[in-house]
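The values are calculated or read from the model by the stated rules, or taken from the named source; none is laboratory data. These numbers come from a predicted model, not from an experiment. Please note: Cβ atoms are built from the backbone with ideal geometry, for glycine as well, and neighbour counts cover all protein chains shown.
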Amino acid sequence: MKIFFTAIFQIISRISPYSSDCDISAGTTLQAEWAFIQRVMVDSEENFRPLREAINESFIPNLFAAPISEYETNLVCRPSRFGGLGINDPVKTAAWNFDISKKAASVLSAAITEGCELDLDQHEQSVSNARREKKNFDSFWELDTVDLLKHFPPDQKRCISRKIDFKCSGWLSAIPIQGNHFEMSPDEFRDSIALRYGRVPVDLPSHCDADNETFDVTHALNCARGGLVYARHNELCDLNCSLLEFAGLKHIISEPIVKDDDEGILRADWGVRGFWEPQKQALFDGCILNADSPSLIKSSLESIFNQRKEKKNKTYSDAAKARRATFSPIIATCDAVFDKEAEQYFKRLATHLAVKWQSNFSYTLGFVRARMQMCVLRSVSLCLRGNRTKWRGAGVEDGAALPSFNFDI
Ligand SMILES: [Zn+2]
């Protein structure tokens, strides 16, 4: 037993602060291992104190590549749907895990110790009762999170609350395996968790390389120079076209023309046939906005989303109707919080994909949500770290354009 604790402690401690090779999935596996110990060992809280210390003082600062406050550490160490990163506080969970496990195994352990016959129905009943009881922890986390958020400054609280209210944590549950498009570079991951908690990402340049303005998060997310904001939008469109193609749908068009008249050409972002209704063209236009920009900071996220949707509907709805097509706006924030109408779109897309892949609907929906969130977070990280200056080309297209040289000098 002692060897186990020492091993966990050493693994967690070995991750030196601010290194670039942190891997949260390794932490997930370790958590399952210590949860097993907690289930079978009574009063193990004290044994887990050094582990909690290592998590708080080494592992979490390493994930953020910066020191973080006690309140933030507390927030991080809870399930992701309550604003955490899914890192369990091993001291807090020790007694819970033991009690639940004891209740779940009560019929089985009685059968073994008393040597009587095992009633499988009763055993299954006790397991499902224990599972139900485990869900009661949710009400603990809910109240605890509300209390904890009172200690955060208003802007940070607003930022964190929207992740909880709009359920924006699916990307944290995806296991990042190379090649499944859920792997992130250390910078991408750290930028994403910084934005999740309303923190300033680390090591940002002091000035914009395109216009020499002071480079803060707002500038990074709003500065259109260098095409990074445009690329952020395009990446979402490309991902959607790709997923619709996987779903086996037809007539997928990137930037379809919705209207072409004297006023000019109006294009949506992507279109597909048979998405909502058979044979009917569905048009979509996406928008990724910075909900923390100074002009929006006073508005609720719901009203920001409604304003944007109204604007998009005003632009596209009549033109789409004239083409016998439907129109849906897909709105998200730069920290990957999607509007509730986008959620309807995800559900429909997951239905098509689940049929095509013969997969479970809930699982597929989880994949779609996480993939969309990851797409936004990656492209936003590019806005924070990417280059906005133009690269100089060779200057000549072929030999005929070669400038003359005076080699005699
Ligand atoms: Zn700029």
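Of all the residues in segment 250-268, those that are in contact (Cβ under 8 Å) with a residue 40 or more places away in the chain and crowded, with 18+ Cβ neighbours inside 10 Å number 2. Could you check, for segment 69-92, whether at least one of its residues is farther than 25 Å from residue 203 by Cα and among the small types (Gly, Ala, Ser)? Scanning segment 69-92 turns up at least one residue that is farther than 25 Å from residue 203 by Cα and among the small types (Gly, Ala, Ser).
Quick one: in segment 170-183, which of the residues that are touching a residue at least 40 places away in the same chain (Cβ under 8 Å) and surrounded by 12 or more Cβ atoms within 10 Å (Cβ to Cβ) is farthest from the ligand (Cβ to nearest atom)? Ranking the qualifying residues of segment 170-183, first place goes to 173. Against the list (1) among the aliphatic types (A, V, I, L, M); (2) out of contact with any Leu (no Cβ under 7 Å at 6 or more places or on another chain); (3) not in a helix (DSSP H, G or I), the condition residue 118 fails is (2).
Restricting segment 29-54 to residues that are in contact (Cβ under 8 Å) with a residue 60 or more places away in the chain and either of a type outside the set (A, V, I, L, M, F, W, C) or surrounded by fewer than 16 Cβ atoms within 10 Å (Cβ to Cβ) (or both) leaves a set whose member that is farthest from residue 94 (Cα to Cα) is 40. Flag: residue 166 matches the condition of being more than 23 Å from residue 59 (Cβ to Cβ), modelled with pLDDT under 90 and away from the ligand (no atom under 16 Å from the Cβ). In segment 184-235, the qualifying residues are those that are touching a Pro at 6+ places or on another chain (Cβ under 6 Å) and closer than 30 Å to residue 79 by Cβ, and the one that is farthest from the ligand (Cβ to nearest atom) is 194. Of all residue pairs spaced 6 or more apart or on separate chains, those with beta-carbon atoms under 8 Å, a first member in segment 212-231 that is more than 15 Å from residue 335 (Cα to Cα) and polar (S, T, N, Q) and a second member that is away from the ligand (no atom under 11 Å from the Cβ) and outside any helix (DSSP H, G or I) are 214/206.
Residue-wise test of (1) of a type in the set (S, T, N, Q); (2) outside any loop (DSSP other than H, G, I, E, B); (3) not assigned by TED's automatic domain parsing to the domain that holds residue 381.
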position: 324; (1), (2), (3): no, no, no
position: 331; (1), (2), (3): no, yes, no
position: 345; (1), (2), (3): no, yes, no
position: 353; (1), (2), (3): no, yes, no
position: 359; (1), (2), (3): yes, no, no
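Checked against (1) crowded, with 19+ Cβ neighbours inside 10 Å; (2) within 16 Å of the ligand (Cβ to nearest atom); (3) assigned to a loop (DSSP other than H, G, I, E, B), residue 384 passes all but a single condition, namely (3). Filtering segment 349-366 to residues that are in contact (Cβ under 8 Å) with a residue 60 or more places away in the chain and surrounded by 17 or more Cβ atoms within 10 Å (Cβ to Cβ) leaves 349, 352, 353.
Within segment 319-333, residues that are surrounded by fewer than 24 Cβ atoms within 10 Å (Cβ to Cβ) and of a type in the set (Phe, Trp, Tyr) reach partners that are in a strand (DSSP E or B) and modelled with pLDDT of 95 or more with beta carbons closer than 7 Å, at six or more positions or on different chains, in the pairs 327/283. For segment 278-318, filtering for residues that are of a type in the set (S, T, N, Q), exposed (fewer than 13 other Cβ atoms within 10 Å of the Cβ) and over 21 Å from residue 162 (Cα atoms) leaves 1.
Taken over segment 175-210, the criterion of being touching a helix residue (DSSP H, G or I) at 6+ places or on another chain (Cβ under 7 Å) and polar (S, T, N, Q) is satisfied by 192 alone.
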